[in-house]
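All remarks here apply to the structure that follows.
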Amino acid sequence: MGNRIELFARNDEKEMDIAWCPGCGNFSILNILKAALSEMEEITPENMVLVSGIGQAAKIPHYFRTNTFNGLHGRSLPVAQMIKAVNPELHVISESGEGDMYGEGGNHFIHAIRRNPDITNLVHDNMIYGLTKGQASPTTQKGTVTPVQINGVFLEQFNPIATAITMGATFVARASSGDPAQTKEIIKKAIRHKGYALVDILQPCVTFNKINTYKWFKENSYYLDENYNSENKMKALEIAFNTEKLALGIIYKNEDKKAFHEQLTIYKENKEPLFKRKHNIKELESFINSKI
Amino acid sequence: MNKNFKENISVVLSGEAGQGIQTIENLLTRILKDDGFNVFATKEYMSRIRGGSNSTEIRVGEYAVRSHSSNIDILIPLTKESVEHLKDTISSETIIIADMKNLKIDYSNAVDVPFFDIAKEIGNRIYSNIVAAGTILALFSTEKEIIYSRMKKIFAKKPELIDKNIEAVNRGYEIGEKIKNSGIIKIEIEKNSKIKDNILINGSEAVALGAMAGGCDSVFSYPMTPGTGVLLSLAQYSKSFGILVEQAEDEIAAINMAIGGWYAGARSMVTTSGGGFALMEEGVSLSGMIETPVVIHIAQRPGPATGLPTRTAQEDLNLALYSGHGEFPRAIYAPGNLEQALKLSRIAFETADEYQIPVFILTDQYFVDSYYNIEKTDLSEVRNENRITETREDYKRYILTENGISPRGIPGYGKGLVIVDSDEHDEYGHLTENLDIRIKMNDKRLSKLDLLRKNALEPEILGDDDYKNLIVCWGSNYETLKESLKNLKNTKTAMIHFPQLYPLNYDFKKYFEKAEKIISVENNATGQFSNLLKLELDAEIHERILKYDGTPFSAEELTERIKKAI
Ligand SMILES: Cc1ncc(C[n+]2csc(CCOP(=O)(O)OP(=O)(O)O)c2C)c(N)n1
Ligand SMILES: [Mg+2]
C-alpha cells in the first residue's frame, strides 16, 4: 500500500513550493485523494487524468504525480468530459473549487450532468473565493461580509446537491475534508461509479472564511444512516434541501443509466480510443467522389 | 421579346420560406449537371422560418460559372412580394415566367403560366414549384430520362411522393416546350458530357470533407448561422466515418471540449460564426499556452452583435487574428473556392498538429451556402501522419527544442505523464513563477511563428504576368474577381489571392513591388486585410473596393468598380 501512495507523489515532493495556507483543507483533500487512489489497483498515474480549472483548489494536480490538464477557470468539465469521450480507457477526475465549478463553470456543471459522462467531479467547497482573496462564492452563506459584499451576502445560496439531483446526476455525495477516513471511502465509490459522480467536499478556508470553520462544519453536518436508501430520488431531494444540517455521505445514486461514451455511435462497433484508429483516406475519397 | 442564350444564363426562383425553393434548387442544379451543364447556385434568405422573401440564383454555363451575378435572365416568382423584393435586380431584359393571374403581377416582359392551377389539378398547391422546375428543364431541352432518374434518387426515401412529383414535372415540361417552340426563349448553351461525373457540393460540405481528409474525428459546436452547415455535414457523415459530434451547451464549452479532445489524442474542430467565436477567445489563448492544437471554422456574417444573421461579410479577420489574450502564434486560412476548401481544411489540421497551435478556417455565408460542380478529388497523396509521440518515463511535455516544437505526447500512450497547464509552466508542464523560465517558454512558443511564416502558402496570381494593376482579394471573392478580370479584358492587370492570410512570408512583398497601382477587394467597411498587408508586408493599397451591405459582390458590379478604380 505504502508503495502505491508513493506512486502518486511527485519525486521532488520535498522541494515543492505549495501555494496553500498552513492548515488549509486542501492538504487534507490532497492526502485523501492520494490514499483513495492508492487503494484502487486499477488506477495508475499513467491511466488517469486530473483535470482542473483555476483557484487554490485547482492547483491540486501540481502536487500530484499523474497526467494533468490544468485548464481555464470554470472550464474543467468540458475538457474532462471529452478526454473521457475520446479515450474511455482513461480514468478522468475533474477537480476545482466551488467558485470554479458552480460559478464560472455553472452552465457546464448543469449540462455535464445531463450527459452523464463517466467522470468524477470533486469540488472543494470552502464557501469563498480563496485565490482572489475572499469574495463571495455561489455557496457563501447569507450574511457573510466580504471586501466586496460589504453589507453581507444576500443572494440565495447555491445548492449543488439539489441541483445535481434535479439535473439527473447518477451519483451525488457530500463529504468533509475534516474526516479523511469516510471521505476516502466516498471518493473511491465515486470513482468506481459508472457515470457522472459529484462529491461536494466541505472544506474550511482558514484565511478568508471565518464563519465556516472546522468547528462549524462539524457542528452543522451529520452522516446519513447506514440503512439510508440512496436510490430514492424524492427522499434524496428532501435531504438536499435541508441546509440547516448538511448531510454527509452518498445522498443519491442511480446505477441504471448509461454513461455518455457508451451511447456514442463511434463505440458501437469499435471500442478503440480515437487516437488508435486509422483513417481510411481511400474510403473518404470515394465517398467525396460519390457526391455527384 | 425573343431572347437567345449562348454562353450562360441566370435563373432566379423566389418565394417565401416554406414554399420549397430549396427543393427546386436542389432538383434543378443536379439535373442540369447530370445533363452536362456547369451549374452554380447561391441563395439569399431572411432570418426566419416562414414567410419573408427568399430567392435562389442558379447560373448555368458552358464554362464554369462560379460567382454571383446581379443579372437576372429568367425570374420565376412564387409570390408577388418576392418580385417586389427583387425589383432592384430585375432589368428590362429580365423575362418573368409566372402565374400572373394568381399572383396578380403586372409586367410586360412576362410569360404567363398557371403554375398554381396546374398544381391544384395534380392535387395540391405545393406542387407549383415542381411544375416550374419542369418548365425550366424543357427550356434547357433536358431529356426526360435524365430528369426521372435524378428525381428517383432524390425521392428515394419518400417513394409515395414520386408519382405526383413526376406528374408535376411533366405538366411543367409541356408548357416549357411550348415556350421554347414559340421562340421567346432559346437556350443554346453547349453541354459537356464529362460534367455529369463532377461532384456537386456546397462550401459547408467542402469544409467538412476537407477536415475529414485532415483526420477530423470530432466536432463540438453550438449552433449559429452560417457556421452550422459544417456541423450538419459532419453529423451526417458521422456514422459512416466514426466522427464524435457533440452539441455543446455554449461556445465556451465547445472550444474547451475540442482542446480536451486533442489533448487526449483526437483531432477536433469547432464551427461557429463571429458572435459564437467571440465567446471562444479564451480557448484560443489556452490552446496557444498549452500548445494543444485546435481547428476553428468561422463562417462570417455581418456584425456587430447579432448583425444580419443570414447575410455575408468578411468582417472577422481582425477578430480571428487578434483573438485571445497574450502573445502566441496562430495560422489563418481562407479558401477561395470549393477545391481550396477541401485542401485548406485538411491543411488546417496538419498545421495545427505540426505546430501545436490554434488554426483558423475563415469562410463566410456566401461561401458556405453556394455550390457548384467541381472535378472529382484525388486524395492519393494525403498521408495524414499523426504526430503523437509515445512518451518515455522522463517525458517533458514542453522540452525546449531548436525550433520551439516539443514532441506531443498524450495520456495513456507510453510510460510518461502528460502535464499541461494554462499557467506559465516549466518543461514538465508544472506551474512556475520563475521569470527566467517564463521568458524561455514565451520565446519557445513565439519562435514557432518564424517557421510558420517561412512555410506560408503562396498566394495565387492570375492575369497578365506583366501587370501594372494588381487587385488583391481573399476568401470567397476569388471566383468573383476571376470572372470580373475576364470581363475586364484589360491587359496589364492581374489579381492576387491569398489562401493563407496569416502569417505571410515576407518574401511575398515582391508581388506588390512590381505593381504601379494596387487595389483591394473586401466585404467589409475598413479593409481589414488591406491593413494587414501593410503591417506584414509593408504593401501600400492605393484603392479599396469595399462592400458591407451583407450581400456578396457580383461579377458585374465588381467589374464596374474596378474600371473606376483603375
Ligand atoms: C476568466 C477568469 N475570471 C476570473 C479569474 C480569477 N479567479 C481565479 S480563481 C477565482 C475564484 C476561486 O474560487 P474557487 O473556485 O472557489 O477556488 P478556491 O480558491 O476557493 O479554492 C477567480 C475569480 C480567472 N482566473 N479567470
Ligand atoms: Mg472556493
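Do any helices (runs of 4 or more DSSP H) lying entirely in region B:437-549 carry at least 3 residues that are open to solvent by less than 30 Å² (accessible area, probe 1.4 Å), and which ones are they? Steps first, answer last, please.
Numbers: elements: B:477-488, B:509-513, B:528-537.
Qualifying helices (runs of 4 or more DSSP H): B:477-488, B:528-537.
Name every residue in region B:359-380 that is more than 14 Å from every other protein chain (Cβ to nearest Cβ) and either surrounded by fewer than 24 Cβ atoms within 10 Å (Cβ to Cβ) or outside any loop (DSSP other than H, G, I, E, B) (or both), in order of residue number.
Selection gives B:Val359, B:Phe360, B:Ile361, B:Leu362, B:Thr363, B:Asp364, B:Gln365, B:Tyr366, B:Phe367, B:Val368, B:Asp369.
Take region A:15-40 and flag every residue that is away from ligand 2 (no atom under 16 Å from the Cβ), part of a helix (DSSP H, G or I) and of a type outside the set (D, E, K, R).
Matches in region A:15-40: A:Asn31, A:Ile32, A:Leu33, A:Ala35, A:Ala36, A:Leu37, A:Ser38.
In region B:409-433, which residues are open to solvent by 20 Å² or more (accessible area, probe 1.4 Å), closer than 14 Å to B:Leu286 by Cα, touching a residue at least 12 places away in the same chain (Cβ under 8 Å) and not small (Gly, Ala, Ser)?
B:Glu424
Is it the case, given these coordinates, that B:Lys120 is out of contact with any helix residue (DSSP H, G or I) (no Cβ under 9 Å at 6 or more places or on another chain) and surrounded by fewer than 18 Cβ atoms within 10 Å (Cβ to Cβ)? Write out each step before concluding.
Numbers: out of contact with any helix residue (DSSP H, G or I) (no Cβ under 9 Å at 6 or more places or on another chain): no; surrounded by fewer than 18 Cβ atoms within 10 Å (Cβ to Cβ): yes.
Judged against the criteria, B:Lys120 is not a match.
If you take the residues of region A:188-234 that are among the hydrophobic types (A, V, I, L, M, F, W, C) and more than 16 Å from ligand 2 (Cβ to nearest atom), which of them is surrounded by the fewest Cβ atoms within 10 Å (Cβ to Cβ)?
Among those residues, the one meeting the criterion is A:Met234.
Being more than 16 Å from ligand 2 (Cβ to nearest atom) and more than 7 Å from chain B (Cβ to nearest Cβ) is the requirement here; does A:Ile43 meet it?
yes
Scan region A:106-129 residue by residue and report those that are within 16 Å of ligand 2 (Cβ to nearest atom) and assigned to a loop (DSSP other than H, G, I, E, B).
A:Asn126, A:Met127, A:Ile128
Can you give me the ranges of the strands (runs of 3 or more DSSP E) entirely in region B:22-88 with at least 2 residues that are surrounded by fewer than 22 Cβ atoms within 10 Å (Cβ to Cβ)?
Passing ranges, in order: B:51-61.
Looking at the structure I just gave you, is A:Arg65 more than 9 Å from ligand 1 (Cβ to nearest atom), outside any strand (DSSP E or B), at the interface with chain B (Cβ under 8 Å from one of its Cβ atoms) and farther than 24 Å from B:Ser287 by Cβ? Walk me through it before giving the result.
Values: more than 9 Å from ligand 1 (Cβ to nearest atom): yes; outside any strand (DSSP E or B): yes; at the interface with chain B (Cβ under 8 Å from one of its Cβ atoms): yes; farther than 24 Å from B:Ser287 by Cβ: yes.
Judged against the criteria, A:Arg65 is a match.
Just give me the residues in region B:7-21 being part of a strand (DSSP E or B) and closer than 14 Å to B:Glu44 by Cα, in sequence order.
So in region B:7-21, the residues part of a strand (DSSP E or B) come out as B:8-17.
Within region B:7-21, B:Val11, B:Val12, B:Leu13, B:Ser14, B:Gly15, B:Glu16, B:Ala17 meet the criteria.
Filter region A:152-174 down to the residues that are open to solvent by 20 Å² or more (accessible area, probe 1.4 Å) and either out of contact with any helix residue (DSSP H, G or I) (no Cβ under 6 Å at 6 or more places or on another chain) or within 15 Å of ligand 1 (Cβ to nearest atom) (or both) and list them by number.
A:Phe154, A:Leu155, A:Glu156, A:Gln157, A:Phe158, A:Asn159, A:Thr163, A:Thr166
Filter region A:68-79 down to the residues that are open to solvent by less than 10 Å² (accessible area, probe 1.4 Å) and either of a type in the set (D, E, K, R) or more than 7 Å from every other protein chain (Cβ to nearest Cβ) (or both), then identify the one that is farthest from the chain's Cα centre (by Cα).
Step one: list which residues in region A:68-79 are open to solvent by less than 10 Å² (accessible area, probe 1.4 Å), which gives A:68-71, A:74, A:76-79.
The next check asks that each one be either of a type in the set (D, E, K, R) or more than 7 Å from every other protein chain (Cβ to nearest Cβ) (or both); those that pass are A:74, A:76-77.
On the way: A:Gly74: 12, A:Ser76: 9, A:Leu77: 9 Å.
Top of the filtered list is A:Gly74.
Test of understanding: among A:Gln149, A:Gln81, A:Gln141, A:Gln135, which residue is of a type outside the set (D, E, K, R), within 11 Å of ligand 1 (Cβ to nearest atom) and either within 24 Å of A:Ile186 (Cβ to Cβ) or modelled with pLDDT of 95 or more (or both)?
None of the others qualify; the one that does is A:Gln135.
Can you run down the residue pairs with Cβ atoms below 9 Å, 6 or more apart or on separate chains, where the first is in region B:207-221 and within 7 Å of chain A (Cβ to nearest Cβ) and open to solvent by less than 10 Å² (accessible area, probe 1.4 Å) and the partner is polar (S, T, N, Q) and assigned to a loop (DSSP other than H, G, I, E, B)?
B:Leu209/B:Thr377; B:Ala213/B:Thr377; B:Ala213/B:Asn384; B:Gly215/B:Asn384; B:Gly215/B:Asn386
Please count how many residues of region B:416-427 are more than 7 Å from every other protein chain (Cβ to nearest Cβ) and under 15 Å from A:Thr66 (Cβ atoms).
Of the residues in that region, 1 qualify.
Just one of A:Gly71, A:Gly103 is within 16 Å of ligand 2 (Cβ to nearest atom) and either small (Gly, Ala, Ser) or more than 21 Å from A:Ala164 (Cβ to Cβ) (or both); which is it? Spell out the reasoning first.
Working: A:Gly71 fails: within 16 Å of ligand 2 (Cβ to nearest atom).
Just a single option satisfies the conditions, and that option is A:Gly103.
Within region A:84-105, can you find the residues that are outside any helix (DSSP H, G or I) and within 14 Å of ligand 1 (Cβ to nearest atom)?
A:Ser94, A:Glu95, A:Ser96, A:Gly97, A:Gly105
Take A:Gly55 and tell me if it is in contact (Cβ under 8 Å) with a residue 60 or more places away in the chain, open to solvent by 20 Å² or more (accessible area, probe 1.4 Å), part of a loop (DSSP other than H, G, I, E, B) and more than 10 Å from chain B (Cβ to nearest Cβ).
no
Please work out if A:Arg115 is modelled with pLDDT of 95 or more and either surrounded by fewer than 22 Cβ atoms within 10 Å (Cβ to Cβ) or more than 10 Å from ligand 1 (Cβ to nearest atom) (or both). Steps first, please.
Details: modelled with pLDDT of 95 or more: yes; either surrounded by fewer than 22 Cβ atoms within 10 Å (Cβ to Cβ) or more than 10 Å from ligand 1 (Cβ to nearest atom) (or both): yes.
Criteria met by A:Arg115.
Looking at region B:63-89 only, could you name the residues that are within 14 Å of B:Glu44 (Cβ to Cβ) and of a type in the set (A, V, I, L, M, F, W, C)?
B:Ile72, B:Leu75, B:Leu86
Can you say whether B:Tyr395 is open to solvent by 70 Å² or more (accessible area, probe 1.4 Å) and at pLDDT 95 or above, as far as the supplied structure shows?
Spelling it out, it is not the case that B:Tyr395 is open to solvent by 70 Å² or more (accessible area, probe 1.4 Å) and at pLDDT 95 or above.
I'd like to check something: does region B:296-316 contain any residue that is small (Gly, Ala, Ser) and within 14 Å of chain A (Cβ to nearest Cβ)?
no
Enumerate the pairs (first residue in region A:223-243 and under 20 Å from A:Ser177 (Cα atoms) and touching a residue at least 60 places away in the same chain (Cβ under 8 Å); second residue anywhere and assigned to a helix (DSSP H, G or I) and among the small types (Gly, Ala, Ser)) with beta-carbon separation below 8 Å, excluding pairs fewer than 6 apart on the same chain, so at least 6 apart or on different chains.
A:Ala240/A:Ala162
The values are calculated or read from the model by the stated rules, or taken from the named source; none is laboratory data. Since we're looking at a predicted model, the values are computed, not measured. Virtual Cβ from ideal backbone geometry, glycine too; neighbours counted across all protein chains shown. Accessible surface areas use protein heavy atoms only, side chains included; no ligands, DNA or RNA. Shrake-Rupley method; radii C 1.70, N 1.55, O 1.52, S 1.80 Å.
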